[in-house]
Amino acid sequence: DVKVTQSSRYLVKRTGEKVFLECVQDMDHENMFWYRQDPGLGLRLIYFSYDVKMKEKGDIPEGYSVSREKKERFSLILESASTNQTSMYLCASSRTMAGYNEQFFGPGTRLTVL
Amino acid sequence: RKEVEQDPGPFNVPEGATVAFNCTYSNSASQSFFWYRQDCRKEPKLLMSVYSSGNEDGRFTAQLNRASQYISLLIRDSKLSDSATYLCVVNARADSNYQLIWGAGTKLIIKP
C-alpha cells in the first residue's frame with residue numbers, strides 16, 4: 001500500500017512565524033504535490049515537484065515555498081505565516097506526472113494561524 | 001465560471017435509494033476525469049476514473065458526456081457507508097496534461 005505521511009495533523013502558529021510542513025511517501029513516486037483545501041473552494045494546488053530539487057508553481061504559490069532534497073520527502077514552507085493561510089494542507093504523490101495517474105494523499109495538516 | 005463545478009449538496013438520501021451527481025467542466029480539451037471520495041476529516045481517495053465509454057464498478061457507475069461537458073456518478077442501492085463528500089477531478093488545462101482541477105465536492109448523507 002502506498003503510504004503518504006505528514007509531520008503533523010494539527011498545528012497552531014502565530015502570525016509572522018516560519019512554518020514547515022513535511023511530507024514523506026514510501027512508494028518511490030516521482031511526483032509530489034502540496035494542496036490546500038478550504039470549504040467551498042476544493043483543493044487548490046500550491047506547488048508540485050516532478051523530481052528531486054525540481055519544483056513548479058501551482059495556482060496559489062504566493063506566500064509559500066517548497067523543498068525537495070530527497071525523492072521521498074517534499075516540504076512546504078510558509079515564510080511568514082498569515083491568518084489567511086489558516087487551512088487544511090494536503091500532500092499527495094503520484095507515480096507519473098500524467099493526468100490520468102491516481103494521486104495518493106497524506107492525512108492532512110490542519111494549520112491555524114493566530 | 002469555475003473550471004469544475006459541482007452541486008455542494010448536501011444530498012440527503014434514504015438507504016437503498018439511487019443517487020446521481022453531476023459535475024461540469026469548462027475546458028473542452030480535458031482528457032482525464034476522476035471521482036474521488038473524501039470521508040469527514042480524512043484525505044481524498046480515488047473512487048474511480050471516468051472513461052469515454054462509461055464504466056461501472058459494483059454499485060457505482062461513472063459516465064462522461066463530452067458534448068455537454070459533464071461527468072456523472074450514479075450510486076445504486078446506497079449504503080450508510082457511502083456517506084462522504086464526492087470530488088470531481090478533471091485535467092482541465094489544455095497546456096498541462098498533469099495539473100488536475102478539483103471540484104469543491106458534493107456532500108452525500110445516507111439516512112437509515
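Table for the structure above
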{"quantity": "Residue under evaluation B:Tyr25, criteria (1) within 10 Å of chain A (Cβ to nearest Cβ); (2) surrounded by 18 or more Cβ atoms within 10 Å (Cβ to Cβ), criterion not met", "calculated": "(1)"}
{"quantity": "So B:Ser72, is it part of a helix (DSSP H, G or I), more than 14 Å from chain A (Cβ to nearest Cβ) and surrounded by fewer than 21 Cβ atoms within 10 Å (Cβ to Cβ)", "calculated": "no"}
{"quantity": "Some residue of segment A:14-36 being touching a residue at least 12 places away in the same chain (Cβ under 8 Å), among the hydroxyl-bearing types (Ser, Thr, Tyr) and surrounded by fewer than 16 Cβ atoms within 10 Å (Cβ to Cβ)", "calculated": "yes"}
{"quantity": "Count of residues meeting criterion [assigned to a strand (DSSP E or B), more than 11 Å from chain A (Cβ to nearest Cβ) and surrounded by fewer than 16 Cβ atoms within 10 Å (Cβ to Cβ)] in segment B:37-64", "calculated": "3"}
{"quantity": "Residues satisfying the stated conditions in segment A:43-70, i.e. closer than 12 Å to B:Gln99 by Cα and among the β-branched types (Val, Ile, Thr)", "calculated": "A:Ile46"}
{"quantity": "Positions within segment A:81-96 being buried (at least 18 other Cβ atoms within 10 Å of the Cβ) and not polar (S, T, N, Q), in sequence order", "calculated": "A:Ala81, A:Tyr89, A:Leu90, A:Cys91, A:Ala92"}
{"quantity": "Residue check, A:Asn84 under 30 Å from B:Pro8 (Cα atoms) and more than 9 Å from chain B (Cβ to nearest Cβ)", "calculated": "yes"}
{"quantity": "Residue match in segment A:5-12 (condition: within 10 Å of the chain's Cα centre (by Cα), modelled with pLDDT of 90 or more and either in a strand (DSSP E or B) or aromatic (Phe, Trp, Tyr) (or both))", "calculated": "yes"}
{"quantity": "Flag if A:Lys55 is within 27 Å of B:Phe33 (Cα to Cα) and of a type in the set (Lys, Arg)", "calculated": "yes"}
{"quantity": "First in segment B:1-12 and more than 9 Å from every other protein chain (Cβ to nearest Cβ), second anywhere and assigned to a loop (DSSP other than H, G, I, E, B), Cβ under 7 Å, 6 or more apart", "calculated": "B:Arg1/B:Ser26; B:Glu3/B:Ser26; B:Glu3/B:Asn27; B:Glu3/B:Ala92; B:Glu5/B:Gly103"}
{"quantity": "Sole exception among (1) within 14 Å of chain B (Cβ to nearest Cβ); (2) buried (at least 16 other Cβ atoms within 10 Å of the Cβ) for A:Leu78, by number", "calculated": "(1)"}
{"quantity": "Boolean, A:Leu11 is surrounded by 15 or more Cβ atoms within 10 Å (Cβ to Cβ) and over 26 Å from B:Val90 (Cβ atoms)", "calculated": "yes"}
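The values are calculated or read from the model by the stated rules, or taken from the named source; none is laboratory data. If you're wondering where the values come from, they're calculated on a predicted model, not measured in any experiment. Using ideal geometry, Cβ is built from the backbone for each residue, glycine included, and neighbour counts are taken over all protein chains shown.
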